[in-house]
Every structure is written in C-alpha cells, then in structure tokens.
Amino acid sequence: MSNQSSSYPVFFVSFNQDNSGFALSTKDGFKIFDSSTGRLCYERAVGAFSIVEMLYSSSLLAIVGAGEQPSLSPRRLCLFNTTTGTALRELNFLTSILAVRLNKKRLVIVLREKTYIYDANTLAILDTIDTVPNLKGLCAFSPSLNACFLAVPASTTKGSVLVYNVMELHSHCEIDAHQAPLAAIVLSSNGMYIATASEQGTIIRVFLVSEATKSYSFRRGTYPSTIFSLSFGQSMQFQDILVATSSSGSLHVFSLGFAINQRRGGRTSSILGSILPESVNEVLDPADHHVLRNAFPAGVKSSAVVRKVDNVSASSSSEFLAYRASVSVITYNGYFVEYIFSINNCCESTWTLDREFNLLTKRA
C-alpha cells in the first residue's frame, strides 16, 4: 500500500508473501522488520521510497524511489541486495511505477495504463497488459506458483476486476464485483479466492477465482467508509478468514468457513430467508462478521494481515473449528499493533491486545 499523502510519516507499508516480515519507508529511507518478533532486521537511510517489496525473507528487495531526490526516480525499479548493499539490476519506465509484485518466478510492474510481466530470474519481459487508467496502482497478486494470478481494475466507472494468469500468460476472467469503482482488492495466497471492496465500502465480496463466481457477501457496515486494506489468512488447515481495515478505525474479521456452514445449516429455512434472495440474505446475517472498534485512530491509513492462525479446539458435533488468529496492523502514523482474535464453536469472539510499538523509533 503506497501513501499518496505527505500528512503521514510513513510513505509505504508492505508485508512479504507469507507475512513473516514487512517493510516500511519514510522520507529518510526504509526499514525491514521480522513480523513475529518485531525485530528491526535491516535499515537504509538514503532518501524516500514509494515502494519496497520483499521476496519472502530473502535478501532481495524491489525498490522504487519517491522522487524527492533526483537519484531516486519513481520511474526506476531497482532490484536490491540487502546483504551486499548493492543494486543487482535496474528497469526504467516512461511513467511512474505505481505497484510491484513478485514471487520466485515472476515480477509484475504496474503503471498507470500498462502492466508488465517479467521473468524474475532473467528479467526478460514476458507480456504487457493494457489496462484502464489505474491511478492508485490497485492490484492483487497470489504468489503461489500453482495458481499465480494478478488482479487489476477493469473499469473506471464500476467495480470490475480483470484476473490474469501470470504463469500461463493469459487472461483468466473478468468479474463484475460492484457498481461503484474499486477501492481494495486482494487474492488469497493460494489463488483460490479474490476479495473486493468498492469506494462505497459497505459490502465486501469474495469470489472463487477458478469459476469466477461469487462465494460470499459480507456487510462491513451501513454507512460508507474507505476500506484501507483486505487480507486473507494463510492457513490451509483451518477455516479461511478475511480481515479488513477501514477509515472508521475498525478492524473487521469475516469467517468464510462459518458462512459455508450457515448456508448448509438451513439459513434459508427461516421465514426471512425464504423470502429474500440469496444475494441479499447473505449480507444480513452478522454471525460471520466480527469487529473491533477503535482498533487504531479513525481516519489514519492502515494495513492489516492475518499473521498466524492456530487451532484451539474441535467439536465432533460441528464442522466449525474454533481458532485463534494473530492479526497485525500497521498504521501510517508509524505504529505496529497486534491483536489476538479468538472464536469458539458457538461463534463467540474475543479480542486481546497482544503488543504495540512505535516503528519509527525502533532500532536494531
């Protein structure tokens, strides 16, 4: 997530592909942290950067200058080695780079009206995608080599998404997700799901990528709010969850597995459920939505991920497994906050503040 406003001390925040580490940049340089310990692993104070993307926990970074210094152009991508402190390769473009995504095989570079796909090892260009004007550099990426998808906006007037297969180099599908333009999109790490939110911010929808069909609709709230971030949990063993942060200062958790069980369990057998169409009925049941209000200051831009999911208990009489999730939030005013979200078999949830520290004053 890049920052377009100088009102924040943090310019950019990004977690790596498995959420084990994260990077942030300020006007002075960038820092790399270990997510589990909060340890500052690397720091470089050479000027402002608009993008700092990690390749898992390796020494390779993809960095783009913020343009505040002549040597740090926003049109130049630098592949940087933190071990040697040297640039490995550079790529230059005619317009500013708005987003970068990468895994062990592919490098994706998003410009305003074009997206480039490179071989990550040779830097040979593999494909160029002409896109609608993407002023915010919105994109989502699933780093899995088996289901490696890229998602970018397909319209400037409505919430349509173009999903592209990055390994096989072809368009996979186009999804009409919302009536209003997109504000946030995310792909699950395994490429199974894509979640979307529009500029209205009241409804979050989840689609099955393979079939381009809607799986879930969640109501975040009644009043419009800006969705700052969306992120899926990484676990393959427990119920899938989706987290979101909004401009109201709230942290939201949506339980995808519980939504499945509710539909199986006869939600439509209720009087209201038998009258309303399924698309409406889905967003009325709040049982799969858990919210922590005042999780961070309202209006402060933020990015949240599910860092870890642990099994708590399993009931033989229910398909729903209780779990505990560590949800990490980074705010653009420079703070790291982590909450423990716990839920039982009755869908009763609790939130606990686990740790909090100032990223701007953290020293190695």
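The values are calculated or read from the model by the stated rules, or taken from the named source; none is laboratory data. Bear in mind that the values here come from a model prediction, so they are computed numbers and not experimental data. So basically every Cβ, Gly included, is an ideal-geometry build from the backbone, and we count neighbours across all protein chains shown. Just so you know, the surface numbers come from the protein's heavy atoms only, side chains and all, with ligands and any DNA or RNA stripped out. Shrake-Rupley method; radii C 1.70, N 1.55, O 1.52, S 1.80 Å.
Every residue in the range 31-53 that is open to solvent by less than 30 Å² (accessible area, probe 1.4 Å), part of a loop (DSSP other than H, G, I, E, B) and more than 17 Å from Tyr332 (Cβ to Cβ), please.
Ser35, Gly38, Gly47 - these are the residues of the range 31-53 that are open to solvent by less than 30 Å² (accessible area, probe 1.4 Å), part of a loop (DSSP other than H, G, I, E, B) and more than 17 Å from Tyr332 (Cβ to Cβ).
Looking only at the range 55-74, decide whether some residue is free of Cβ contacts under 8 Å to residues at least 40 places away in the same chain and either open to solvent by 60 Å² or more (accessible area, probe 1.4 Å) or under 25 Å from Leu208 (Cβ atoms) (or both).
Yes, the range 55-74 has at least one match.
Hey, among Ala124, Ala140, which residue is in contact (Cβ under 8 Å) with a residue 40 or more places away in the chain and open to solvent by less than 60 Å² (accessible area, probe 1.4 Å)?
Ala140
Please go through the range 185-224 and pick out each residue that is within 17 Å of the chain's Cα centre (by Cα), among the small types (Gly, Ala, Ser) and assigned to a loop (DSSP other than H, G, I, E, B).
Hits for the range 185-224 are Ser188, Ser189, Gly191, Gly201.
Look at Gln234 and say whether it is in a loop (DSSP other than H, G, I, E, B), in contact (Cβ under 8 Å) with a residue 60 or more places away in the chain and not β-branched (Val, Ile, Thr).
yes
Condition first: open to solvent by less than 10 Å² (accessible area, probe 1.4 Å) and either closer than 19 Å to Ile63 by Cβ or not in a strand (DSSP E or B) (or both). Now tell me which residues in the range 143-153 satisfy that. Before you say what the answer is, go through the steps one by one.
Of the residues in the range 143-153, the ones open to solvent by less than 10 Å² (accessible area, probe 1.4 Å) are 148, 150-152.
The one that is open to solvent by less than 10 Å² (accessible area, probe 1.4 Å) and either closer than 19 Å to Ile63 by Cβ or not in a strand (DSSP E or B) (or both): Cys148.
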